[in-house]
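Asks: Mind having a look at this structure? Questions to follow.
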Amino acid sequence: MARSVWKGPFVDGYLLKKAEASRASGRSEVIKIWSRRSTVLPQFVGLTFGVYNGHKFLPVLVTEDMIGHKFGEFSPTRTFHGHSADKRAKRA
């Protein structure tokens, strides 16, 4: 179920602070975040976030197309190694 419009998008407070600090410093370093549930805002465009997937931080460069999506959508938590039936079919 989607979040109510009147509440606005959810973003962790520390995430906004880190983004503002990165913009103010002018350096283009990766901002490590654990908040996969936070929504991508227009203020984040052009910044690189390291989104934690439970194992490592995957770098995500935020573009205009990502606005409104969640950070977790761009950092997959599972690695797909293919179906076991596909391997048997390739051998034969």
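The values are calculated or read from the model by the stated rules, or taken from the named source; none is laboratory data. These figures come from a predicted structure and were not determined experimentally. A quick note on method: Cβ atoms are made from the backbone with ideal geometry, for glycine too, and the neighbour counts reach across all protein chains shown.
Asks: Among the residues of the stretch 1-60, write down those that are β-branched (Val, Ile, Thr) and either on the phi > 0 side of the Ramachandran plot or without any contact (Cβ under 8 Å) to a residue 12 or more places away in the chain (or both).
Replies: VAL5
Asks: Let me ask something additional. If we scan the stretch 79-91, do we find a residue that is without any contact (Cβ under 8 Å) to a residue 24 or more places away in the chain and closer than 26 Å to ARG3 by Cβ?
Replies: Within the stretch 79-91 (the criterion being without any contact (Cβ under 8 Å) to a residue 24 or more places away in the chain and closer than 26 Å to ARG3 by Cβ), the answer is no, since none of the residues qualifies.
Asks: Being at pLDDT 95 or above and acidic (Asp, Glu) narrows it down to one of GLU29, GLU20, GLU64, so name that one.
Replies: Checking each option against the conditions leaves just GLU64.
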